[in-house]
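As structure tokens, the structure follows; a few thoughts come after it.
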Amino acid sequence: MNTKALHKISYGLYIVTSKKGDKINGQVANTVFQISGDPVTIAVSINKQNLTNEFIRDSKVFGVSILAQEAPLSLIGQFGFKTGREVDKFASISYKTGNTGVPYLTDHILAYLEAEVIQEVDAGTHHIFIGKVTGAEVLKEGIPMTYAYYHQIKRGSVPKTAPNYTPEQTERKVIMEKYVCTICGYVYDPAVGDPENGIAPDTSFERLPDDWVCPVCGAGKEEFEKEA
Ligand code: FE
């Protein structure tokens, strides 16, 4: 069996949200899909260890914010590499709540859905929640983020900005080494820099400020290793 075959499955990228009492939480998920059109039902698969799983089981409602392709890495890091048990993930995020009371993001998403759970399937490490959609809205037109695109950005192979490479810059790109975050796998590519956080292209890892942190997971420079 070659499990690499699984890597050929394509996915989107979403923030799945829920609530418990007056608390709200959300997490990054790539497994959201429509099941049927009448009634409109969708499914999400959520790890049992995650707080969002606990919230969905408690409130029986969940929301899906559909990320736009230009969503910043820091947003995905906020919802993907932190736990709602330790931080309030929505503290610095602008959001609204739908008719079920679950939050949805208002920035960097194209659309949102919210649903009431009609069935819960125990799938070992995960629960699959099947929900009847009670609300849905398109916020703006654009290209949805895919799981593959996100990994390309994280690898530095799709620059978030499109720097105009001169031959000289290309040469420096070869000389300057990439560094990998040992926590989340983000790759710092000096040729690209970290424009979201004010680091211009052609900034070597060594020249990054001491207080620079991984734009995905927030780890410090000391957590980075030279790419092999
Ligand atoms: Fe990281």
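Skip the ligands, DNA and RNA, and give the accessible area per residue of the stretch 44-155 with a 1.4 Å probe, whole Å².
Each residue of the stretch 44-155 exposes 48 Å² on average to a 1.4 Å probe.
Under 14 Å from the Cα of K23, which aspartates and glutamates turn up, not counting those fewer than eight places away in the same chain?
Counting by Cα, and skipping residues close in sequence, K23 has these aspartates and glutamates nearby: E54, D58, E86, D88.
Carbon-plus-sulfur fraction of the accessible area of the chain, 1.4 Å probe, in percent?
Roughly 51 percent, rounded to a whole number.
Mind telling me which of K178, K140, K89 comes out most flexible in a GNM of the chain, alpha-carbon contacts under 10 Å?
K140
Mind listing the long-range amide H neighbours of V40? Cut-off is under 5 Å, sequence gap 5 or more, other chains count too, H placed in the peptide plane at 1.01 Å from N.
Counting only residues 5 or more places away or on other chains, the set is V133.
Quick check on the chain: of the DSSP beta bridges with both residues there, what percent are antiparallel, nearest 5%?
Roughly 100 percent of the DSSP beta bridges within the chain come out antiparallel.
Looking at the chain, identify the longest residue range that excludes and avoids all chymotrypsin sites (Phe, Trp or Tyr not before Pro) in DSSP loops having at most 15 other Cβ atoms within 10 Å.
12-164
Report the semi-axes of the equivalent ellipsoid for the stretch 184-228 in whole Å, largest first, where each axis is √(5λ) for an eigenvalue λ of the Cα gyration tensor.
Rounded to whole Å, the semi-axes are 14, 12, 10.
For the pairs K19/K132; K4/K89; K8/K132; K19/K82; K60/K89; K8/K221, flag any whose C-alpha to C-alpha distance is greater than 24 Å.
K4/K89; K8/K132; K8/K221
Apply 1/(1 + (r/R0)^6) to the Cβ-Cβ distance of E116 and Q49, taking R0 = 22 Å, and write down the FRET efficiency to the nearest 0.05.
So, using R0 = 22 Å, E works out to roughly 0.40.
For the chain, set up a GNM with springs between Cα atoms under 10 Å and report which of E177, E86, E206 has the largest fluctuation.
In the Gaussian network model the winner is E86.
Given charges of +1 on the Cβ of Lys and Arg and -1 on the Cβ of Asp and Glu, with all other atoms neutral, how large is the dipole of the chain about its Cα centre, in debye to the nearest 20?
Approximately 540 debye in magnitude.
What Kirkwood hydrodynamic radius, in Å, does the chain give when the mean of 1/r is taken over all pairs of distinct Cα atoms and then inverted?
Its Kirkwood hydrodynamic radius stands at 18.9 Å.
What is the local net charge at I46, summed over the other residues whose Cβ is closer than 11 Å to its Cβ (Lys, Arg +1; Asp, Glu -1)?
0
With Cβ to Cβ distances under 14 Å as the rule, what net charge do the other residues near A219 carry (K, R +1; D, E -1)?
-3
The values are calculated or read from the model by the stated rules, or taken from the named source; none is laboratory data. Everything quoted here is computed from the prediction, not taken from an experiment. Because the Cβ atoms are built from the backbone with ideal geometry, glycine has one as well, and the counts that use them run over all protein chains shown. Areas reflect the complete protein model, heavy atoms only, side chains present, ligands, DNA and RNA absent. Shrake-Rupley method; radii C 1.70, N 1.55, O 1.52, S 1.80 Å.
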